[in-house]
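S.K.: Sharing a structure with you now.
The values are calculated or read from the model by the stated rules, or taken from the named source; none is laboratory data. None of these values were measured; they are calculated from a predicted model. Don't worry about glycine lacking a Cβ; one is built from the backbone with ideal geometry, like all the others, and counts go over all protein chains shown.
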Amino acid sequence: MPFLSERVGTFTDSVIRRMTRISNEYGAINLSQGFPDFPPPKALLDRLADVVYSGPHQYAVTFGAPNFRAALAKKASKTINRGIDPDKEVLVTCGGTEAMMCAMMTVCDPGDKVMVFSPFYENYTADAILSGAEPIYIPLVPPNYNFDINLIEAGFKQGAKAIIICNPSNPCGKVFSKKELEAIGALAIKYDAFVITDEVYEHMVYAPKKHISVASLPGMYEHTITCSSLSKTYSITGWRLGYLIGPEYIIDSCKKVHDFLTIGAASPLQEAAVCGLEFEDDYYKELLQTYTEKREYFLKGLDEIGLKHNVPEATYFVMLDIQDFMNKPKFAGWSDLEFCEWMVKEIGVAAVPGSSFFKEPINNLIRVHFARQKETLDEALARLAKLKQYLD
Ligand code: GLN
């Protein structure tokens, strides 16, 4: 048998997406992979229906359809607090996933070091491996998920070329404060390094916390590649529309990587999504209100069952602490993956094992999410209540 690359032997498929497949197989309620079970805004659907007949159906401009890039630039100018040039500083990708991969491949040569917070969104490990970068992990320490800035300085001293920030953070729901971002930014400037920031949950930040784009801080734009997507903001995870924003000298090179990775994102979907990017502020307020209510409802339900959990400052993810279960003889020696597989089959709810997000060896956390209609959340909570008998 001929050999495949060593590279493909060094990482597994995504456990998040694997849990969705297992969930589908057993007909469980899927609280693992983060996507909503309610429809996108009607305006997007109506526009998509028109586009089916009016087109476009052929390739868009590789770097993104001009009207889509113009709308993105206008929206991002508000968050980043400066005029963004749609031709030079925006690149449309196939989802936030390609945006991150493209940023990593643009910044890193094989052997370069990149700092990644732990817990991290699991794609970053594969992104690092595929781009040849070696991750240096910086712990975010529960319960507040604080970090030690000295470790970041030590990472830059070791030659780290970039730091990846997921802000707001998947899976722990941390919102990086202005002070924290300024401290990281000052080091990126001091050591002439990049900040790659993943901000796909930028519109799901619960009061009193506020989202701050690191690229908006003084002196940071030139050092920052901002990755985001329309998936969560407009409930269109299947449309695979993401983007990169950054200074021209970086985006120029990202464009080449993207051109040969995917050529471009789906042109009819870019056309249909333009109207979403043009929504007024009311839309984002309502979205946040919806998720604020869902968060309160779901967390209250978890409290009533007696399941221990964090309180996310942002995103729709919640980490459940399953240590009390793991201490019971029934679960002795189980991994968190085994626990999640058992939960799908016996409880009928799918979650993601926490070990998929941590460098540290942990098996006491699992991730669930509440991007679900009220009826689905009710059924999920009723099923999760069955867990309690295993603590008696
Ligand atoms: N970001 C979402 C999650 O963490 C979905 C990821 C994906 O599968 N693209 O579950």
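S.K.: Could you list all residues from segment 216-231 that are under 18 Å from ILE165 (Cα atoms) and within 16 Å of the ligand (Cβ to nearest atom)?
M.R.: Quick first cut of segment 216-231, residues under 18 Å from ILE165 (Cα atoms) only: 216-229.
Once the filter is applied, which keeps residues that are under 18 Å from ILE165 (Cα atoms) and within 16 Å of the ligand (Cβ to nearest atom), segment 216-231 yields CYS227, SER228, SER229.
S.K.: All but one of (1) among the hydrophobic types (A, V, I, L, M, F, W, C); (2) over 22 Å from SER267 (Cβ atoms); (3) in contact with a helix residue (DSSP H, G or I) (Cβ under 6 Å, 6 or more places away or on another chain) hold for ALA71, so report the exception by its number.
M.R.: Failed condition: (2).
S.K.: Criterion first (away from the ligand (no atom under 14 Å from the Cβ) and either assigned to a loop (DSSP other than H, G, I, E, B) or at pLDDT 95 or above (or both)) does PRO36 satisfy it? Talk me through it step by step, then tell me what you get.
M.R.: On the way: away from the ligand (no atom under 14 Å from the Cβ): no; either assigned to a loop (DSSP other than H, G, I, E, B) or at pLDDT 95 or above (or both): yes.
So PRO36 fails the test.
S.K.: Okay, next question. Hey, does segment 363-386 have a residue that's in a loop (DSSP other than H, G, I, E, B) and more than 23 Å from the chain's Cα centre (by Cα)? Walk me through how you get there before you give the answer.
M.R.: We begin by selecting, within segment 363-386, every residue in a loop (DSSP other than H, G, I, E, B); these are 363-364, 370-373.
This time we only want the ones that are more than 23 Å from the chain's Cα centre (by Cα), so: none.
No, segment 363-386 has no match at all.
S.K.: Looking only at residues that are charged (D, E, K, R) and within 16 Å of the ligand (Cβ to nearest atom) in segment 165-215, which one is surrounded by the most Cβ atoms within 10 Å (Cβ to Cβ)? Give the steps one after another, and end with the answer.
M.R.: Residues of segment 165-215 charged (D, E, K, R): 174, 178-180, 182, 190, 192, 198-199, 202, 209-210.
Now drop any that are not within 16 Å of the ligand (Cβ to nearest atom), which leaves 174, 198-199, 202.
Working: LYS174: 26, ASP198: 28, GLU199: 23, GLU202: 23.
Taking the candidates together, the pick is ASP198.
S.K.: In this structure, does ALA73 turn out to be surrounded by fewer than 21 Cβ atoms within 10 Å (Cβ to Cβ) and modelled with pLDDT of 95 or more? Lay out the reasoning, then the answer.
M.R.: Numbers: surrounded by fewer than 21 Cβ atoms within 10 Å (Cβ to Cβ): no; modelled with pLDDT of 95 or more: yes.
No: the conditions fail for ALA73.
S.K.: Right, here's the next one. Looking at segment 120-137 only, could you name the residues that are in a loop (DSSP other than H, G, I, E, B) and within 16 Å of the ligand (Cβ to nearest atom)?
M.R.: If we filter segment 120-137 for residues that are in a loop (DSSP other than H, G, I, E, B), which is where we start, we get 120-122, 132-133.
Scanning segment 120-137 gives PHE120, TYR121, GLU122.
S.K.: Another question, if that's okay. Of everything in segment 8-32 that's surrounded by 11 or more Cβ atoms within 10 Å (Cβ to Cβ), more than 18 Å from PHE339 (Cβ to Cβ) and more than 10 Å from the ligand (Cβ to nearest atom), which residue is nearest to the chain's Cα centre (by Cα)?
M.R.: My answer is PHE11.
S.K.: Restricting to segment 315-339, give me the number of residues that are within 21 Å of PHE35 (Cβ to Cβ) and either within 13 Å of the ligand (Cβ to nearest atom) or over 21 Å from the mean Cα position of the chain (by Cα) (or both).
M.R.: Count: 5.
S.K.: Which residue is farthest from ILE184 (Cα to Cα), if the candidates are limited to segment 138-155 and must be in contact with a helix residue (DSSP H, G or I) (Cβ under 8 Å, 6 or more places away or on another chain) and assigned to a strand (DSSP E or B)?
M.R.: Initially, segment 138-155 is screened for residues in contact with a helix residue (DSSP H, G or I) (Cβ under 8 Å, 6 or more places away or on another chain), giving 138-139, 147, 149, 152-153.
Pick out the ones that are also assigned to a strand (DSSP E or B) and you get 138-139.
On the way: ILE138: 12, PRO139: 14 Å.
Filtering segment 138-155 for residues that are in contact with a helix residue (DSSP H, G or I) (Cβ under 8 Å, 6 or more places away or on another chain) and assigned to a strand (DSSP E or B), the one farthest from ILE184 (Cα to Cα) comes out as PRO139.
Rundown of residues vs (1) more than 16 Å from the ligand (Cβ to nearest atom); (2) of a type in the set (Ser, Thr, Tyr); (3) free of Cβ contacts under 8 Å to residues at least 12 places away in the same chain, yes/no style:
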{"residue": "VAL352", "(1), (2), (3)": "no, no, no"}
{"residue": "SER355", "(1), (2), (3)": "no, yes, no"}
{"residue": "ILE362", "(1), (2), (3)": "yes, no, no"}
{"residue": "LEU365", "(1), (2), (3)": "no, no, no"}
{"residue": "VAL368", "(1), (2), (3)": "no, no, no"}
{"residue": "ALA371", "(1), (2), (3)": "no, no, no"}
{"residue": "ARG383", "(1), (2), (3)": "yes, no, no"}
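S.K.: Can you tell me which residue is farthest from ALA314 (Cα to Cα) among those in segment 156-183 that are in contact with a Phe, Trp or Tyr (Cβ under 9 Å, 6 or more places away or on another chain) and assigned to a helix (DSSP H, G or I)?
M.R.: If we filter segment 156-183 for residues that are in contact with a Phe, Trp or Tyr (Cβ under 9 Å, 6 or more places away or on another chain), which is where we start, we get 156-157, 159-175, 180.
If we keep only those that are assigned to a helix (DSSP H, G or I) too, we end up with 156-157, 180.
Details: PHE156: 28, LYS157: 31, GLU180: 16 Å.
By that ranking, first place goes to LYS157.
S.K.: All but one of (1) farther than 30 Å from MET105 by Cβ; (2) away from the ligand (no atom under 16 Å from the Cβ) hold for ASN310; state the number of the condition that does not hold.
M.R.: (2) is the only condition that ASN310 fails.
S.K.: If a residue must be in contact with a strand residue (DSSP E or B) (Cβ under 7 Å, 6 or more places away or on another chain) and not in a loop (DSSP other than H, G, I, E, B), how many such residues does segment 54-69 contain?
M.R.: The number of residues fulfilling the criteria is 2.
S.K.: Continuing with this model, one more query. Give me the pairs, please: first residue somewhere in segment 298-320 and farther than 19 Å from LYS374 by Cα, second residue anywhere and basic (Lys, Arg) and surrounded by fewer than 21 Cβ atoms within 10 Å (Cβ to Cβ), beta-carbon distance under 6 Å, and either six or more positions apart or on two chains.
M.R.: Between residues of segment 298-320 that are farther than 19 Å from LYS374 by Cα and residues that are basic (Lys, Arg) and surrounded by fewer than 21 Cβ atoms within 10 Å (Cβ to Cβ), the close pairs are GLU313/LYS209.
S.K.: From the list LYS232, LYS190, LYS209, exactly one residue is without any contact (Cβ under 8 Å) to a residue 60 or more places away in the chain and of a type outside the set (A, V, I, L, M, F, W, C). Which is it? Give the steps one after another, and end with the answer.
M.R.: Numbers: LYS232 fails: without any contact (Cβ under 8 Å) to a residue 60 or more places away in the chain; LYS209 fails: without any contact (Cβ under 8 Å) to a residue 60 or more places away in the chain.
None of the other options fit; the residue is LYS190.
S.K.: Within segment 262-283, which residues are surrounded by 15 or more Cβ atoms within 10 Å (Cβ to Cβ) and assigned to a helix (DSSP H, G or I)?
M.R.: Our first condition is that a residue be surrounded by 15 or more Cβ atoms within 10 Å (Cβ to Cβ); within segment 262-283, this holds for 262, 264-277, 279, 283.
If the condition is that a residue be surrounded by 15 or more Cβ atoms within 10 Å (Cβ to Cβ) and assigned to a helix (DSSP H, G or I), then SER267, PRO268, LEU269, GLN270, GLU271, ALA272, ALA273, VAL274, CYS275, GLY276, LEU277, TYR283 are the ones that fit.
S.K.: Give the residues of segment 77-102 that are of a type in the set (A, V, I, L, M), more than 16 Å from the ligand (Cβ to nearest atom) and part of a helix (DSSP H, G or I), sorted by residue number.
M.R.: We begin by selecting, within segment 77-102, every residue of a type in the set (A, V, I, L, M); these are 80, 84, 90-92, 99-101.
Adding the requirement that they be more than 16 Å from the ligand (Cβ to nearest atom) leaves 80, 84, 90-92.
Correct list: ILE80 only.
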